[in-house]
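Below you'll find the structure I mean.
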Amino acid sequence: MPAMLTDVFRGHPIHLPHSHQPDFTSLRELPDSYKWTPKDDLLFAAAPSPPATGENIPLIDLDHPDAANQIGHACRTWGAFQIANHGVPLGLLQDIEFLTGSLFGLPVQRKLKAARSETGVSGYGVARIASFFNKKMWSEGFTITGSPLNDFRKLWPQLHLNYCDIVEEYEEQMKKLASKLMWLALKSLGVSEEDVEWASLNSDLNWAQAALQLNHYPVCPEPDRAMGLAAHTDSTLLTILYQNNTAGLQVFRDDLGWVTVPPVPGSLVVNVGDLFHILSNGLFKSVLHRARVNQTRARLSVAFLWGPQSDIKISPVPKLVSPVELPLYRSVTWTEYLRTKATHFNKALSMIRNHREE
Ligand SMILES: C=C1C[C@]23C[C@H]1CC[C@H]2[C@@]12CCC[C@@](C)(C(=O)O1)[C@H]2[C@@H]3C(=O)O
Ligand SMILES: O=C(O)CCC(=O)C(=O)O
Ligand SMILES: [Fe+2]
């Protein structure tokens, strides 16, 4: 049995004081520990330049005959795009939003009953990347890997089974959508399932696994100085994000700076993760992104973080490699990569890069 996602951080404990979360609702002023400056994050104040060009990640209709090329283009230029006509029932998106709101609306003592342990992946707490920053992030999260039953029973003694059903159905739909998106993107590079050994060997979707990350960004007294979720790339192949109708997600482009992804009702945001960057031999961009907060509306988001089973080695697709296009990365499993990321954060990708012999 390959090591499961659940065990990935067993040897990488982090101490994050979940229990010192402020009572977000009662604060009239932003505590100093939440005030970010460019010293805390180089790109904190990176302005759009040239200012407000109006450029944004594309919204792609999955029913469009040219969807594969549009997705491929978005993966190469932005590393992110939104999708409409994705086939996920609207009612299910509403259900997962309701679940998320209900979870974070619970009294803090109840949420802490399901606190993530220092070596665990699942449960309630601040985002794992918090350990790499001196300032605190204005958000709370809940991560799900495997069955949420045990945690949900602690959160909702009566209704946990209903909520488990929603998560199961959501993950089922996301799994299908994620693989469809991956093959469409690869198709635009002339790569099909037969060209990817581990996918063609494993029937159906048995080669994939995922984590679900629920995020809550409460109303903030001084949003301009606060950070909801600090700039990061996802360690995934792909991430599919549902955001409620409150803006906050931003993606970074070297030539444009931070670009806000406007919520489009019923659509989903997709972003390229580090493993897809590796698989595409650097052609697809794993996009740097972050979440800002605001003064009037609480924001909720649900990220489906999708990658391969832990025994699968990801390396540049042979079809994209040649004597002139050398493989840029050595092969790595998702678990190995997550552990590298847990130690080296945003240097993880460069650590597995091949360096050309002189
Ligand atoms: C399967 C994953 C992917 C993780 C780690 C583990 C479980 C939680 C994911 C996130 C979710 C929030 C951002 C991130 C950067 C974080 O801190 O936790 C993600 C991270 C990654 O993509 O690296
Ligand atoms: O809340 C958002 O918009 C971003 C969340 C995110 O990047 C994540 O959970 O990995
Ligand atoms: Fe992310």
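The values are calculated or read from the model by the stated rules, or taken from the named source; none is laboratory data. The model shown is predicted, which means the values in this text are computed figures rather than measured ones. Neighbour counts are summed over all protein chains in view; Cβ atoms, including those assigned to glycine, are modelled from backbone coordinates with ideal geometry. The area values use the complete protein model at the heavy-atom level, side chains included, leaving out ligands, DNA and RNA. Shrake-Rupley method; radii C 1.70, N 1.55, O 1.52, S 1.80 Å.
Given the structure, is THR246 out of contact with any Asp or Glu (no Cβ under 9 Å at 6 or more places or on another chain) and modelled with pLDDT of 95 or more?
So THR246 fits the description; yes.
Restricting the search to the stretch 318-358, which residues are open to solvent by less than 50 Å² (accessible area, probe 1.4 Å) and of a type in the set (Gly, Ala, Ser)?
Within the stretch 318-358, SER322, SER331, ALA342, ALA348 qualify.
Here is a check on your reading of the model: is GLY266 in contact with a helix residue (DSSP H, G or I) (Cβ under 9 Å, 6 or more places away or on another chain), touching a residue at least 60 places away in the same chain (Cβ under 8 Å) and more than 13 Å from ligand 2 (Cβ to nearest atom)?
So GLY266 passes the test.
So which pairs qualify, if the first residue must be in the stretch 94-123 and over 19 Å from THR25 (Cβ atoms) and aromatic (Phe, Trp, Tyr), the second must be assigned to a helix (DSSP H, G or I) and open to solvent by less than 40 Å² (accessible area, probe 1.4 Å), the Cβ gap must be under 9 Å, and the two must be at least 6 apart or on different chains?
Final answer for the pair search is PHE98/ILE166.
For the stretch 8-42, what are the residues that are farther than 19 Å from PRO218 by Cα, at pLDDT 85 or above and open to solvent by less than 50 Å² (accessible area, probe 1.4 Å)?
VAL8, PHE9, ASP40, ASP41
Sticking with this structure for a sec: Yes or no: ALA74 over 22 Å from the mean Cα position of the chain (by Cα) and open to solvent by less than 30 Å² (accessible area, probe 1.4 Å)?
no
Answer yes or no as to whether THR100 is open to solvent by less than 10 Å² (accessible area, probe 1.4 Å), closer than 21 Å to ASP23 by Cα and within 16 Å of ligand 2 (Cβ to nearest atom).
When the stated conditions are applied, THR100 passes them.
Give the residue that is nearest to GLN209 (Cα to Cα), with candidates limited to residues of the stretch 293-302 that are open to solvent by 10 Å² or more (accessible area, probe 1.4 Å) and either of a type in the set (A, V, I, L, M) or within 13 Å of ligand 2 (Cβ to nearest atom) (or both).
Looking at residues that are open to solvent by 10 Å² or more (accessible area, probe 1.4 Å) and either of a type in the set (A, V, I, L, M) or within 13 Å of ligand 2 (Cβ to nearest atom) (or both), I get LEU300.
Just the residues that are within 24 Å of ASP40 (Cα to Cα), open to solvent by less than 10 Å² (accessible area, probe 1.4 Å) and more than 13 Å from ligand 2 (Cβ to nearest atom), please, taken from the stretch 213-247.
CYS220, ALA226
Has the stretch 125-135 got any residue that is assigned to a helix (DSSP H, G or I), of a type in the set (D, E, K, R), open to solvent by 30 Å² or more (accessible area, probe 1.4 Å) and within 16 Å of ligand 3 (Cβ to nearest atom)?
Yes, there is a match, as at least one residue in the stretch 125-135 is assigned to a helix (DSSP H, G or I), of a type in the set (D, E, K, R), open to solvent by 30 Å² or more (accessible area, probe 1.4 Å) and within 16 Å of ligand 3 (Cβ to nearest atom).
Quick test for you: out of LEU201, LEU214, LEU184, pick the one residue that is within 16 Å of ligand 3 (Cβ to nearest atom) and among the aliphatic types (A, V, I, L, M).
LEU214
Give the residue that is nearest to ligand 1 (Cβ to nearest atom), with candidates limited to residues of the stretch 136-147 that are assigned to a loop (DSSP other than H, G, I, E, B) and either touching a residue at least 60 places away in the same chain (Cβ under 8 Å) or of a type in the set (D, E, K, R) (or both).
THR145
Do you know which residues across the stretch 248-263 are aliphatic (A, V, I, L, M) and either in contact with a Gly (Cβ under 8 Å, 6 or more places away or on another chain) or within 9 Å of ligand 2 (Cβ to nearest atom) (or both)?
LEU249, VAL251, VAL261
Would you please name the residue that is nearest to ligand 1 (Cβ to nearest atom), looking only at residues in the stretch 290-311 that are touching a Ser or Thr at 6+ places or on another chain (Cβ under 6 Å) and either more than 22 Å from SER179 (Cα to Cα) or assigned to a loop (DSSP other than H, G, I, E, B) (or both)?
SER310
Now, a different point. For the stretch 219-255, give me each residue that is assigned to a loop (DSSP other than H, G, I, E, B), within 18 Å of ILE129 (Cα to Cα) and within 11 Å of the chain's Cα centre (by Cα).
THR233, ASP234, SER235, THR236
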